[in-house]
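Asker: The following block contains the structure, expressed as structure tokens.
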Amino acid sequence: MPIDVERILAGPPYGSNCYIVRPVGGEGQAAVIDPGGDAGTVLAALAAAGARLAGILVTHSDVDHVAAVAELAAATGAEVWVPAGEAEALRSGTTRGQLRVSPHEPEHTLLDGDLADVAGIAFRVVGVPGHSVDHLAFYAEGSLFSGDVLFAGSIGRTDLPGGDLDTLLRSIAGLLERFGPETTVYPGHGEPTTLGRELETNPFLGPLRAA
């Protein structure tokens, strides 16, 4: 089933992307990926779309990707899916870097290879460590939600705890092997792109082009 993707840009200082994902022709349900900004903005966008929030997916536990999780879940009753290795950060309310957010007990923990069925959309769960140890990406219907692993013209930073450049490049190489060049990438920051475009033009992927 085709999906509709709406991007919501969080305000300063992070400018991260949150995504509302809905099945085209579905029953008015939606998934939200990485709500790191203001929960009210997300709720307003859901209302404008006439959509009910069925679940929240989290790629990793950085504050700019989880800041609104607890409030959004409380307001809607939506269940939360998080990387298994980063669930404790959400439970404790301490994100990577020790920044605080409202704690929340996630209903579901995810590992590489799992399938998360949210809002009638089957999201394939892909382990992509390198930015953080247990970072995940989500794939559905030709769309890849990459979090802070791959951006248009750039890659995720690796200087925070759990980051490693070689691991990150291996994760990106795995994405290029598993999914076609036409796959649309919806990153955690910046504009959408495609896997093929990044392989051809991203200056950080030179080692992968040479392989």
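Asker: Starting from the stretch 116-138, keep only residues that are touching a residue at least 60 places away in the same chain (Cβ under 8 Å) and among the hydroxyl-bearing types (Ser, Thr, Tyr), then list their pairs with residues that are in a loop (DSSP other than H, G, I, E, B) and surrounded by fewer than 24 Cβ atoms within 10 Å (Cβ to Cβ) whose Cβ atoms are within a distance under 7 Å, requiring at least 6 positions of separation or different chains.
Answerer: Hits for this filter: SER132/ARG96; SER132/GLY162; SER132/GLY163.
Asker: Restricting to the stretch 145-175, name every residue that is crowded, with 21+ Cβ neighbours inside 10 Å and part of a loop (DSSP other than H, G, I, E, B).
Answerer: If the condition is that a residue be crowded, with 21+ Cβ neighbours inside 10 Å and part of a loop (DSSP other than H, G, I, E, B), then ASP148, VAL149, GLY156 are the ones that fit.
Asker: Which ones in the stretch 86-107 are touching a strand residue (DSSP E or B) at 6+ places or on another chain (Cβ under 7 Å) and either polar (S, T, N, Q) or surrounded by fewer than 20 Cβ atoms within 10 Å (Cβ to Cβ) (or both)?
Answerer: Just the residues of the stretch 86-107 that are touching a strand residue (DSSP E or B) at 6+ places or on another chain (Cβ under 7 Å), to begin with: 87, 90, 93-94, 100, 104, 106-107.
Answer for the stretch 86-107, where residues must be touching a strand residue (DSSP E or B) at 6+ places or on another chain (Cβ under 7 Å) and either polar (S, T, N, Q) or surrounded by fewer than 20 Cβ atoms within 10 Å (Cβ to Cβ) (or both): GLY93, THR94, ARG100, GLU107.
Asker: Quick check on PHE138: is it of a type in the set (A, V, I, L, M, F, W, C), modelled with pLDDT of 95 or more, within 20 Å of GLU79 (Cα to Cα) and under 17 Å from the mean Cα position of the chain (by Cα)?
Answerer: On the way: of a type in the set (A, V, I, L, M, F, W, C): yes; modelled with pLDDT of 95 or more: yes; within 20 Å of GLU79 (Cα to Cα): yes; under 17 Å from the mean Cα position of the chain (by Cα): yes.
Spelling it out, PHE138 is indeed of a type in the set (A, V, I, L, M, F, W, C), modelled with pLDDT of 95 or more, within 20 Å of GLU79 (Cα to Cα) and under 17 Å from the mean Cα position of the chain (by Cα).
Asker: Residues that are under 21 Å from VAL128 (Cβ atoms), of a type in the set (Asp, Glu) and surrounded by 18 or more Cβ atoms within 10 Å (Cβ to Cβ): does the stretch 65-85 have at least one?
Answerer: To start, the set of residues in the stretch 65-85 that are under 21 Å from VAL128 (Cβ atoms) comprises 65-66, 69, 80-85.
The next check asks that each one be of a type in the set (Asp, Glu); those that pass are none.
Looking through the stretch 65-85, none of the residues is under 21 Å from VAL128 (Cβ atoms), of a type in the set (Asp, Glu) and surrounded by 18 or more Cβ atoms within 10 Å (Cβ to Cβ).
Matching residues to (1) more than 29 Å from ASP159 (Cα to Cα); (2) in a helix (DSSP H, G or I); (3) in contact with a His (Cβ under 9 Å, 6 or more places away or on another chain); (4) without any contact (Cβ under 8 Å) to a residue 12 or more places away in the chain:
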site: LEU53; (1), (2), (3), (4): yes, no, no, no
site: THR59; (1), (2), (3), (4): no, no, yes, no
site: ASP64; (1), (2), (3), (4): no, yes, yes, no
site: ALA75; (1), (2), (3), (4): yes, yes, no, no
site: TRP81; (1), (2), (3), (4): no, no, yes, no
site: LEU90; (1), (2), (3), (4): no, yes, yes, no
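Asker: Further, regarding this structure: Can you give me the number of residues within the stretch 193-211 that are buried (at least 18 other Cβ atoms within 10 Å of the Cβ) and not β-branched (Val, Ile, Thr)?
Answerer: 4
For (1) among the hydrophobic types (A, V, I, L, M, F, W, C); (2) under 16 Å from the mean Cα position of the chain (by Cα), each residue gets a yes or a no:
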{"position": "MET1", "(1), (2)": "yes, no"}
{"position": "CYS18", "(1), (2)": "yes, yes"}
{"position": "GLY28", "(1), (2)": "no, no"}
{"position": "ILE33", "(1), (2)": "yes, yes"}
{"position": "LEU57", "(1), (2)": "yes, yes"}
{"position": "HIS60", "(1), (2)": "no, yes"}
{"position": "HIS65", "(1), (2)": "no, yes"}
{"position": "THR76", "(1), (2)": "no, no"}
{"position": "THR95", "(1), (2)": "no, yes"}
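Asker: Okay, next question. Please work out if ASP112 is without any contact (Cβ under 8 Å) to a residue 12 or more places away in the chain and part of a loop (DSSP other than H, G, I, E, B).
Answerer: Details: without any contact (Cβ under 8 Å) to a residue 12 or more places away in the chain: no; part of a loop (DSSP other than H, G, I, E, B): yes.
For ASP112, the condition - without any contact (Cβ under 8 Å) to a residue 12 or more places away in the chain and part of a loop (DSSP other than H, G, I, E, B) - is not met.
Asker: Also: For ALA140, indicate whether it is over 17 Å from LEU199 (Cα atoms), of a type outside the set (S, T, N, Q) and surrounded by 16 or more Cβ atoms within 10 Å (Cβ to Cβ).
Answerer: On the way: over 17 Å from LEU199 (Cα atoms): yes; of a type outside the set (S, T, N, Q): yes; surrounded by 16 or more Cβ atoms within 10 Å (Cβ to Cβ): yes.
Yes, satisfied.
The values are calculated or read from the model by the stated rules, or taken from the named source; none is laboratory data. Keep in mind the model is a prediction, meaning the values are calculated, not measured. Here Cβ is always computed from backbone atoms with ideal geometry, including for glycine, and neighbour counts include all displayed protein chains.
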